[in-house]
Amino acid sequence: MQLKINHNFTESLPADEIIENYRRQVKAACFSYVTPKRTKNPEILHISEDMVNTLGLTSSDSQSQLFKNVFTGNQVLENTTPYSMCYGGHQFGNWAGQLGDGRAINLFEVEHHNKQWQVQLKGAGETPYSRTADGLAVLRSSIREYLCSEAMFYLGVPTTRALSLSLSGDEVMRDMLYDGNQAYEKGAIVARVAPSFLRFGNFEIFAARQDHNTLKTLVDYTILNHFSHLGSPSKDNYIAFFAEVSQRTLDMIIHWQRVGFVHGVMNTDNMSILGLTIDYGPYGWLEGFDFGWTPNTTDREHKRYRFGNQPNIGLWNLYQLANALYPLIEETQPLETILENYKIDFEKKSLNMMKSKLGLEQFNDEDAQLIQNLEDTLLLTETDMTIFFRALSNFKKGEASKGLERVSAAFYTPNEVSDVVAQQWRNWFKNYDERLKKEMLTDAQRKLKMDAVNPKYVLRNYMAQLAIDDANKGDYKLIDELFQLLKNPYDEQPKQQKWFAKRPDWARHKVGCSMLSCSS
Ligand code: AMP
Ligand code: MG
């Protein structure tokens, strides 16, 4: 394996002086050196060829024993020093103190084609940040992380990537529903890749400890290495840095809203400083369009992280980051302006995103109302978000009366679309048709554009669960089938039509399909 390894992170930032691996509060350091746990019987289940190439590896590298050893934590590459990062975070609205990479170990940094990548194992054993947990991951959550992070990439959503999915060969004890029923599950490891895994929480921890020296070192490192276009670190550039993080966070969330993705645990320790979707835990995909939906059973009561609240939570999290950066800036006004702009930009970007889903390009005063009416109507009956928007591109100008028929496949109980609801739809399609007259594009041109933003295939909750059920029985074919399917989510793929379907009834209340916990 010919990798162009470097050590920017570990050479630029202060390390924990203690090298023994026991749980502790780590002060004045950004990371601790840790060695991944050896596993009993590692087996690679899937590899992302795209990521292999992106890192500058070859197909034959990925078939080698060395690859298997390294990406399951059983061999540390020469000249590399694996480490876990120290971070804190606000969890469900409360400051939680030190969290850190409790089960993530960064293996190395690599450069390829002028891009910097960090390669990290998730589930490779205990670290100083493991607190009361075991540092391991189970197969079900690893399949979910592996498939979803690559699927998000192909959807065009900013995300961390995945290189490989492996079984460790060890068993891991979990109480999946937190109901006192513990059971052994297969242990697994995902090799994740991103330019950086830094989170808001990496900055918050130093502000909380009033360790402004380390805070500054970390912010300067981040600007120099990941926001170098801003120029060298200075007070003005700290502000520019915050503005850019704010904008990237918003852009990421707008993408989530476009494709119907619900992260599920938007704690500040799960917010990437690069605006990447990070930490795929109890996430889910909207089936019925519903602003109030969350897949996370841990959040069932307050639904803090429900679909419709994600943009607000993004802003709330940015407030926490602003507080953390404040000691370096010592002025509230510029930070407040940026946070105010988030709200304004959200309105603009959200409107543009929804317009693109409807195939609208021209400016029109009433577009916000048209979209509001659509959302209100979508909420009247259970309507599949993905199928609805995909089917909408088949609408033809001047055929308002056929609108409802075009999208009928999206209704979960088509026979129960009452006269009142049907009338509302007919009204909406009439308005939509009127509005389309202001557009220049032909029906065919509009369809092309709409199909490029409204995916046909997403990783529906039940699809991941089917792959998990098979995998638990030792059959991994479906992992590959879904992986290949989701590489081209906007293409028709007629042979895969079975995945362009509403959630089957059996999946409505099945664990893993609509209900997920943080236990992973
Ligand atoms: P999450 O909200 O799942 O991203 O995790 C919150 C914190 O718990 C992070 O610091 C994780 O590293 C840690 N954590 C989650 N699961 C485990 C585990 N099995 N072992 C050790 N730490 C964990
Ligand atoms: Mg996390």
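Order of H212, H509, H90 from fewest to most other C-beta atoms within 10 Å?
Values: H212 12, H509 9, H90 22.
Exposure proxy ranking, most exposed first: H509, H212, H90.
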Inset, instruction - Express in whole angstrom the spacing between the alpha-carbon centres of the range 225-243 and the range 121-181. - result: 33 Å
Legend entry - Backbone HN-Hα couplings from phi across the range 41-58 [Karplus 6.51/-1.76/1.60, Hz, Gly and Pro as x]: 8, x, 8, 7, 9, 7, 10, 8, 4, 4, 6, 4, 5, 4, 8, x, 9, 10
Inset, instruction - For the range 361-440, build the convex hull from the C-alpha positions and give me its volume per residue in Å³. - result: 88 Å³
Inset, instruction - Could you work out the relative contact order of the range 361-440, using alpha carbon pairs under 8 angstrom and six or more residues apart, expressed as a whole percent? - result: 39 percent
Legend entry - Whole-Hz ³J(HN,Hα) from phi, Karplus 6.51 cos²θ - 1.76 cosθ + 1.60, for the range 29-35, glycine and proline x: 9, 8, 7, 10, 6, 9, 9
Inset, instruction - Let me know the volume per residue of the alpha-carbon convex hull for the range 5-200, in Å³. - result: 134 Å³
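Do the sum for the chain: with -39,500 (n - 2.57) for every DSSP H run of n ≥ 4, divided by all residues, what is the mean residue ellipticity at 222 nm, to the nearest 500 deg cm²/dmol? Provide the component values of the computation, followed by the final result.
Numbers: 17 runs with 206 residues, N = 520.
Value at 222 nm, helices only, nearest 500: -12500 deg cm²/dmol.
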Legend entry - Order of M385, M353, M252, M440 under a 10 Å beta carbon neighbour criterion, fewest first: M440, M353, M385, M252
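Sort F153, F31 so the one with the fewest other Cβ atoms within 10 Å of its own Cβ comes first.
Numbers: F153 21, F31 26.
So the ranking, lowest neighbour count to highest, is F153, F31.
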Legend entry - Given charges at beta-carbon only (K, R positive; D, E negative), |dipole| of the chain in Debye: 820 debye
Legend entry - Residue-by-residue Karplus 3J(HN,Hα) for the range 418-434, coefficients 6.51, -1.76, 1.60, Hz, glycine and proline x: 5, 4, 5, 5, 4, 5, 4, 5, 4, 4, 5, 5, 5, 5, 4, 4, 4
Legend entry - Contact order relative to length of the chain, as percent, for alpha carbon pairs under 8 angstrom and 6 or more apart: 14 percent
Legend entry - Mean separation of Cα contacts under 8 Å, 6 or more apart, over the residue count of the range 1-154: relative contact order %: 25 percent
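Give me the mean projected area, in nm² to one decimal, of the convex hull enclosing the Cα positions of the chain.
Values: hull surface 98.0 nm².
About 24.5 nm², averaged over all directions.
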Inset, instruction - Find which of A243, N454, F71 sits farthest along the positive direction of the dipole of the chain, computed with +1 on the beta-carbon of Lys and Arg, -1 on that of Asp and Glu, about the Cα centre. - result: N454
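Would you kindly calculate the mean projected area, averaged across all directions, of the convex hull enclosing the Cα atoms of the range 328-483, in square nanometres? Numbers along the way, then the final one.
Numbers: hull surface 58.9 nm².
Seen from a random direction, the Cα hull of the range 328-483 projects 14.7 nm² on average.
Read-outs: derived from the displayed coordinates by stated rules, not from any lab. None of the values given here were measured: they were computed from a predicted structure. So basically every Cβ, Gly included, is an ideal-geometry build from the backbone, and we count neighbours across all protein chains shown.
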